[in-house]
């Protein structure tokens, strides 16, 4: 049934689920430490894949040499990329950090063209520029504010953006050899979960986990959202090109903002939100037309 869905639609589903997962994490942060929360999300996503393995896992494909590509992805995404994003927030603040993180589609576009030899159409280029402009507008806040941060800290959100784009390209490379989106997601999350818990064991001051806190369940719910999003995203990569899928997935902040306004009531409708939506929606249509 998924074979009948276009990669554009699958990328939009992934973008929506990434946004929903981010909202779950934001809810969880009210009662839970971010390190425990991140570990909970990654572990939840890995556990969901393992529980579904009896129905979705192709054991024969699991021993294909190209599966090592998915292992490589798991070494840095989401374990390292997520932590770089958090550290970027700590040093640069949310506005500058999220703005620099939104450069991910540009890295994806460059890697797709230079590495995979994908052809850039006028529609895809215009759509990417429109989505990028909408995200930048969304993350920009008015007013002047003096900030003090080390120059090297700029590399944190940019590094996270690059690692996400690299993970997308490697996923495409692996899926071209092993057409198993479920295996790609399962291995990536399991490897990241193992790394996350190994790193936690080396910490001297380990935060205690209170399983009664609602934050645990919010972060576990985020794991469900992200695991489903990665499955949709991998299916999109299986059927489409990186340069057309990545810009659409990068539109996730638009969904996040709309949820904050419509559901969680943390945002109010502003001209900036309206203009961002009016930039992103036609841009997605441009990329869809390029197919």
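Coordinate-derived values only; no laboratory data. These figures come from a predicted structure and were not determined experimentally. Positions of Cβ are generated from backbone atoms using ideal geometry, with glycine treated the same way; all protein chains shown enter the neighbour counts.
Descriptive notes on the structure:
- Linear extension gain, residue 154 paired with residue 61, 0.36 nm per residue minus alpha-carbon span: 29.5 nm
- Span from the the range 212-276 Cα centroid across to the the range 1-55 one, whole angstrom: 9 Å
- Counted over the range 159-204 with a bin width of 5 Å, the fraction of Cα pairs per bin, in whole percents, is 5, 19, 19, 22, 18, 10, 5, 2, 0.
- Size descriptor, Kirkwood hydrodynamic radius, that averages inverse alpha-carbon separations across the range 156-291, Å: 17.8 Å
- Each of 266, 77, 35 was scored by other Cβ atoms within 10 Å of its Cβ. Arranged with the fewest first, they read 266, 35, 77.
- Neighbour-count ranking [beta-carbon atoms within 10 angstrom, fewest first] of 208, 172, 272: 208, 272, 172
- Annotation: extensible slack from residue 199 through residue 5 equals 65.9 nm (criterion: 0.36 nm per residue apart, minus Cα-Cα distance).
- Straightening the chain between residue 262 and residue 75 buys 63.7 nm, computed as 0.36 nm per residue apart minus the Cα-Cα spacing.
- Out of every Cα-Cα pair that the chain contains, those further apart than 27 angstrom amount to 39 percent.
- For q = 0.29, 0.30, 0.31 Å⁻¹, Debye-computed log10 I/I(0) when each Cα of the range 182-238 counts as one equal scatterer: -1.12, -1.14, -1.15
- Ellipsoid equivalent to the range 30-92 - semi-axes via the Cα gyration tensor, in Å: 29, 17, 5
- Volume per residue of the C-alpha convex hull in the range 1-64, rounded to whole Å³: 128 Å³
- The chain, helix-only ellipticity at 222 nm - DSSP H runs n ≥ 4, -39,500 (n - 2.57), divided by all residues, nearest 500: -24500 deg cm²/dmol
- For the range 233-291, projected area of the alpha-carbon convex hull averaged over all directions, nm²: 4.5 nm²
- The alpha-carbon atoms of the range 32-136, seen along their principal axes, cover 43, 42, 20 angstrom, with the largest extent given first.
- Fewest-first ranking of 64, 168, 49, using other Cβ atoms within 10 Å as the exposure measure: 64, 49, 168
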